[in-house]
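S.K.: Starting off with a structure, shown below.
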Amino acid sequence: MFSLKVLGRILTTALKWAVVWALAGAAMGVVATLIEPDTGHIPHNLIPLMMGVPSAIFGAIAGLIFASVMTPVRISSLLGLKGRMFLGSAVGAIAGIVFMNLLAHSVITILLAAFLGGALAARFTRPEVPAENK
């Protein structure tokens with residue numbers, strides 16, 4: 001079932017998702033401060049950090065869920081690229097819904113999370129080679 005190799009792949013995928021989500025959250029913070037420079041009592045340079053850290057946490061959780069489904073069962077060979085993108089989008093959208101309900105109240109959060117999930121699923125997963133072909 002779970003070996004150290006599988007666990008390593010799951011954690012690596014979760015880390016990749018966390019980094020990309022953190023960068024996306026920080027980029028949204030930069031754009032938000034450019035659009036609305038009045039941040040009140042919060043310094044401008046802390047806004048990207050304040051958006052990037054929670055985004056990284058939710059990205060890590062979404063990546064962990066996605067990798068936990070994909071890696072041990074080896075369904076990536078059955079799904080193909082579109083199936084992996086759909087599964088990544090679904091996991092990203094679910095994480096986006098949770099993120100939206102807890103922190104940011106915008107439908108754009110769900111759409112961005114679904115897009116990030118699909119893009120990450122397409123980029124960082126590859127179909128497994130069946131054991132008989134090795």
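The values are calculated or read from the model by the stated rules, or taken from the named source; none is laboratory data. Not measured: the values here are computed from a predicted model. Note that we place each Cβ from the backbone using ideal geometry, even for glycine, and neighbour counts take in every protein chain shown. Just the protein is used for accessible areas: all its heavy atoms, side chains included, with ligands, DNA and RNA removed. Shrake-Rupley method; radii C 1.70, N 1.55, O 1.52, S 1.80 Å.
S.K.: What are the ³J(HN,Hα) values, in whole Hz, obtained from phi via the Karplus relation 6.51 cos²θ - 1.76 cosθ + 1.60 with θ = phi - 60°, for each residue of the stretch 86-95 in sequence order, with x given for Gly and Pro?
M.R.: These are the phi-based 3J(HN,Hα) values: 5, 5, x, 5, 5, 5, x, 5, 5, 5 Hz.
S.K.: Can you pull the Rg over Rh of the stretch 15-66, Cα-only, Kirkwood?
M.R.: Reported Rg/Rh, Kirkwood definition of Rh: 1.08.
S.K.: Another one. Taking 37 °C and 0.692 mPa s as the conditions, I'd like the Stokes-Einstein D for the stretch 6-105 in µm²/s, using the Kirkwood hydrodynamic radius from alpha carbon pairs.
M.R.: Answer, rounded: 226 µm²/s.
S.K.: Sticking with this structure for a sec: If you count, for each residue, the other Cβ atoms within 10 Å and average over each peptide, how do 114-123, 27-36, 56-65 line up from highest to lowest?
M.R.: My ranking of the peptides, most packed first, is 56-65, 114-123, 27-36.
S.K.: At 1.4 Å probe size, with every protein chain present, just tell me what the per residue accessible area of the stretch 1-97 comes to in Å².
M.R.: 58
S.K.: Here's something else I'd like to know. Calculate one ³J(HN,Hα) per residue across the stretch 36-41 by plugging θ = phi - 60° into the Karplus curve 6.51 cos²θ - 1.76 cosθ + 1.60, and present them in order as whole Hz with x for glycine and proline.
M.R.: 10, x, 7, 9, x, 7
S.K.: Compute the FRET efficiency between ILE108 and LYS5 as 1/(1 + (r/R0)^6), taking r as their Cβ-Cβ distance and R0 = 35 Å, and round to the nearest 0.05.
M.R.: Result of the calculation: an efficiency of 0.40.
S.K.: While we're here: Could you tell me which trypsin sites (Lys or Arg not before Pro) in the stretch 6-78 are loop residues by DSSP with no more than 16 other beta carbons within 10 angstrom of their beta carbon?
M.R.: In loop regions of the stretch 6-78 (DSSP not H, G, I, E or B), the sparsely surrounded trypsin sites (Lys or Arg not before Pro) are ARG74.
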